[in-house]
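For reference, the structure is listed below as structure tokens.
No value in this document is a laboratory result; all are computed from the given coordinates. These numbers were taken from a predicted model, which means no experiment stands behind them. All Cβ positions, glycine included, derive from the backbone under ideal geometry; neighbour counts span all protein chains shown.
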Amino acid sequence: MKTYIAYFDETGDDGVTMNSSDHFILTSLYMPAESWQQNFEKMRILRRELKDKYGFHVSEEMHTKHFLTDKNPYREYHWSKETKQ
């Protein structure tokens, strides 16, 4: 039997309270277990490219809402709107 790895991540919320987000997004990655190291290396290369080109630290998480609204920690990078786009 072949083994697979699945990773799920969500953003927003499910609308239970009045303060809930208008959106709920659930995404996933799914791959054969034997390909995870190759895929991980591709992500490491991408993160290094982001660091080299934009100074984005390789271990820093990306939170789109804070990124697009220029909240910390992204504000300290002083990226222009065009750079962020």
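Below are the figures for this structure:
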| read-out | value |
| --- | --- |
| Complete set of residues in the range 42-83 that are farther than 24 Å from M31 by Cα and hydroxyl-bearing (S, T, Y) | Y54, T64, T69, Y74, Y77, S80, T83 |
| Residues of the range 27-85 that turn out to be more than 14 Å from the chain's Cα centre (by Cα) and aliphatic (A, V, I, L, M), as a count | 3 |
| Residue within the range 27-47 that is touching a Leu at 6+ places or on another chain (Cβ under 9 Å), free of Cβ contacts under 8 Å to residues at least 24 places away in the same chain and not acidic (D, E) present | yes |
| Condition check for T64: under 28 Å from K81 (Cβ atoms) and in contact (Cβ under 8 Å) with a residue 40 or more places away in the chain | yes |
